[in-house]
Amino acid sequence: MTTPAIDPEIQATLDATDDPFLHDPDLIFATTARFPALRTVVDVPHDDRVAVQDHYTPSGLRLRVYRTANADSQPLILMLHSGGFVHSRPETEEARALRYATDVGAVVVSVDYRHAPEHPYPAAVEDAYAGLLWAVEHAAELGADPQRLAVAGCSAGGALAAATALRARDIAGPTIRFQLLIYAGLDDRLNTPSARDFTDIPVLTRFALERIWEYYAPDGAPDGYAAPARAADLTGLPPALVMVAEVDPMRDENIAYAARLSEAGVNTELVQVPGAVHGFDLMFAHTTIGERGLATQVRALREALHS
């Protein structure tokens, strides 16, 4: 398979930086030594329109909540951050959470789930679902409407969002109205054409993906909660927007998941962003396609939660 051309604005940014995370992710994931530094939060953005407050469950799980001053019976978004299951925190995607709070008009609850390899599967899935239950239970005091509930996440967070939707369906948990899956890590088998052929590209490589799954599910993904593509039945899940980056090893597993959702009768929108690399709306949010990706997410969430 021929690797598609990277968007010119993203390529210009790559050419202007020597950040090893962007150019050589193999160095990041080859050893756990760099993970503590990647879990450190720096330069957290701020928006005067949004109050940000940390809450804790009795078990010590941290939930970072974003509310606008006029939050009153607003929709509720459970957000799961990216980081290959091994690094990052809610603050890493603070800009996205702030954008959802202001432009969607929603209360956002971001889960500071436990990291692999210290806490492999199912720790992060358990934390994600605990965050869902906490958000619904405390919706009234947050000014949120639990009947208008969405789960959202990108990359590893997309996998956790999909797993949360599956688990809520399977055990008759809270009713989720919408799931937003952004270049999600759905399939540990890595046997799609893009996973096989996009081996040496910026931000995310085949080697990095293999290490990520080894850290997260060292004995292999046992079920669809670990790797949602392994779920046998996708019926009864909430409507979805599946957003994929064209130049991303995980592209095809997301396309396949969107197709399976649609075949199962789930109202599904699939958006492929031409020239986009993994993390295009996070690390390259200043580009035209980065902004367009965020605007598409906001539009889909508004349509799902405010209709």
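Values in this text are rule-based calculations from the coordinates and carry no lab data. Source: prediction; values computed, not measured. Every residue, glycine as well, gets a Cβ built from its backbone with ideal geometry; the counts of neighbours run over all protein chains shown.
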Inset, instruction - Can you work out which of the residues in segment 171-195 that are touching a residue at least 60 places away in the same chain (Cβ under 8 Å) and charged (D, E, K, R) is surrounded by the most Cβ atoms within 10 Å (Cβ to Cβ)? - result: D187
Inset, instruction - Name the single residue, out of those in segment 127-170 being free of Cβ contacts under 8 Å to residues at least 60 places away in the same chain and under 16 Å from the mean Cα position of the chain (by Cα), that is surrounded by the fewest Cβ atoms within 10 Å (Cβ to Cβ). - result: Y129
Legend entry - Residue ID - surrounded by the fewest Cβ atoms within 10 Å (Cβ to Cβ), chosen from residues in segment 248-307 that are aromatic (F, W, Y) and assigned to a loop (DSSP other than H, G, I, E, B): F284
Inset, instruction - Could you tell me whether segment 79-101 includes any residue that is surrounded by fewer than 24 Cβ atoms within 10 Å (Cβ to Cβ), without any contact (Cβ under 8 Å) to a residue 24 or more places away in the chain and either of a type in the set (A, V, I, L, M) or touching a Leu at 6+ places or on another chain (Cβ under 7 Å) (or both)? - result: no
Legend entry - Given (1) hydrophobic (A, V, I, L, M, F, W, C); (2) out of contact with any His (no Cβ under 6 Å at 6 or more places or on another chain); (3) surrounded by 13 or more Cβ atoms within 10 Å (Cβ to Cβ), index of the condition A5 fails: (3)
